[in-house]
1. Being of a type outside the set (A, V, I, L, M, F, W, C) and open to solvent by less than 10 Å² (accessible area, probe 1.4 Å) is the filter here, so list the residues in the range 75-89 that pass it.
2. Which members of the range 121-134 meet the condition of being surrounded by fewer than 12 Cβ atoms within 10 Å (Cβ to Cβ) and either of a type in the set (D, E, K, R) or within 12 Å of the ligand (Cβ to nearest atom) (or both)?
3. Would a scan of the range 177-188 turn up a residue that is over 30 Å from V290 (Cα atoms), away from the ligand (no atom under 16 Å from the Cβ) and among the acidic types (D, E)?
4. For the list (1) open to solvent by 50 Å² or more (accessible area, probe 1.4 Å); (2) within 15 Å of the ligand (Cβ to nearest atom); (3) modelled with pLDDT of 95 or more, I need the number of the one condition that V100 fails.
5. S211: part of a loop (DSSP other than H, G, I, E, B), under 23 Å from G161 (Cβ atoms) and among the polar types (S, T, N, Q), yes or no?
6. Consider P200 carefully, then state whether it is assigned to a loop (DSSP other than H, G, I, E, B), under 26 Å from T51 (Cα atoms) and away from the ligand (no atom under 14 Å from the Cβ).
7. Return the residues of the range 289-312 that are over 20 Å from I268 (Cβ atoms) and touching a residue at least 40 places away in the same chain (Cβ under 8 Å); say none if nothing qualifies.
8. Identify, by number, the condition in (1) surrounded by fewer than 18 Cβ atoms within 10 Å (Cβ to Cβ); (2) modelled with pLDDT of 95 or more; (3) not in a helix (DSSP H, G or I) that Q205 doesn't meet.
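The values are calculated or read from the model by the stated rules, or taken from the named source; none is laboratory data. Predicted model, so just to flag it, every value in this text is computed and none were measured. Neighbour counts run over all protein chains shown; Cβ positions are idealised from the backbone, glycine included. Protein only, heavy atoms only, side chains kept; ligands, DNA and RNA dropped before computing areas. Shrake-Rupley method; radii C 1.70, N 1.55, O 1.52, S 1.80 Å.
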Amino acid sequence: MADGKVAGEFKKGKNMKRILTGDRPTSDSFHLGNYVGSLKNRVKLQDEYDTFILIADLHALTTHFDKTKDLEKNIRGLMLGYLSVGLDPAKVTFVLQSQVPEVLELAYFLGTLTPRAVLERQPALKEKLDQGEQDTFALLQYPVLMAADILLPKANLVPVGKDQKAHVEFARDIAIKFNNLYGEVFPLPEPLIGDVPTLPGTDGQSKMGKSLNNAIFLTDSPEEVEKKVMSMYTDPKRIHANDPGTVEGNPVFIYLDAFGADNDHEQITKYKELYRKGQVGDIEVKKYLVKVLNIFLDPIRENRARLERDPELVERVLKEGTAKARSEAQKTLAEVKSAMKLDYFDQNNQDTR
Ligand code: TRP
């Protein structure tokens, strides 16, 4: 590998492709489902790509405009989550969206190329309206702002969940349209959809979610983990420990597969066999899962405790990343305006910029 740690500093390869991904700060904590679905992958990708992670507070406003008092706490919680799972500020640029106002300017330009019908047809909009969200202009415009997030740092790849794929395709379409009309400014971004299975909740529902009350959080104490696991949903058809049980789709085994370390595999395979034959009780397997999860979570908890001892750290990391992203954004926006012939006052000032 051309890049690596040099004198304690991570050197980005010059030809590294750029990744941009992000989260809306609508919560202050990550759960195991977030870890499996995105954080784990990001930790891996940070070594291979020039990674930008965006905290999309402007996007959060589309549904949480009446909860702005929580934003600061949520942003801090997300940052502590990122850093505690091993996302490294020497490799990752962390960006606070609202502090890069250039994104709104670009979103306006992209909006001029966007037929309203395209926005009205987006499935994500219908879904949010069905959930009772307010039918605002900002919600309609969501994909346009997201396209600006992606195009402003000239991202090549956008790791997102399946539900966000259409938004990345929209960003790509609009980049093509812009480039055709005004000249090549943007690389064409592509979605990167991991083939990660969705982690079920502790209640057996198909998805773990904070608001579903079926989540185990990265910040849960060992006791909380134990309590949640011991009351977890398993195989509802199994009443006695000697009834044959079902392993497939059983959240206890899905979690074991997802969080067991290499040296747990043998034991997990054994438990599956015994479970199918009705030769091991739920309680024994759950106790094992408690151990596995706490071994997985311990280093994350320790990292977090260490990070929290330096109260300014999170803010410093976010400020530095945002400053870097902003300077990139200004460069792109200057290119955009020049391509669009909107650089009236800049033309004779090239050298003073
Ligand atoms: N829409 C994304 C979500 O809800 C968050 C987001 C905003 C994002 N801007 C982005 C994701 C740009 C990837 C790229 O999860």
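1. Within the range 75-89, the first condition is being of a type outside the set (A, V, I, L, M, F, W, C), and the residues that meet it are 76-77, 81-82, 84, 86, 88-89.
Passing the criteria: G77, G81, Y82, S84.
2. Residues of the range 121-134 surrounded by fewer than 12 Cβ atoms within 10 Å (Cβ to Cβ): 121, 123, 126-127, 130-132.
Of everything in the range 121-134, those that are surrounded by fewer than 12 Cβ atoms within 10 Å (Cβ to Cβ) and either of a type in the set (D, E, K, R) or within 12 Å of the ligand (Cβ to nearest atom) (or both) turn out to be R121, K126, E127, D130.
3. Pass one, the range 177-188, residues over 30 Å from V290 (Cα atoms): 177-188.
Then keep just the ones that are away from the ligand (no atom under 16 Å from the Cβ); that gives 177-185.
Add one more test, that the residue is among the acidic types (D, E), and what stays is 184.
Within the range 177-188, one or more residues are over 30 Å from V290 (Cα atoms), away from the ligand (no atom under 16 Å from the Cβ) and among the acidic types (D, E).
4. (1)
5. Details: part of a loop (DSSP other than H, G, I, E, B): no; under 23 Å from G161 (Cβ atoms): yes; among the polar types (S, T, N, Q): yes.
In short, no.
6. Numbers: assigned to a loop (DSSP other than H, G, I, E, B): yes; under 26 Å from T51 (Cα atoms): no; away from the ligand (no atom under 14 Å from the Cβ): yes.
No: the conditions fail for P200.
7. We begin by selecting, within the range 289-312, every residue over 20 Å from I268 (Cβ atoms); these are 299-312.
I300, R301, N303, R304, L307, E308 - these are the residues of the range 289-312 that are over 20 Å from I268 (Cβ atoms) and touching a residue at least 40 places away in the same chain (Cβ under 8 Å).
8. So Q205 meets the others, but not (2).
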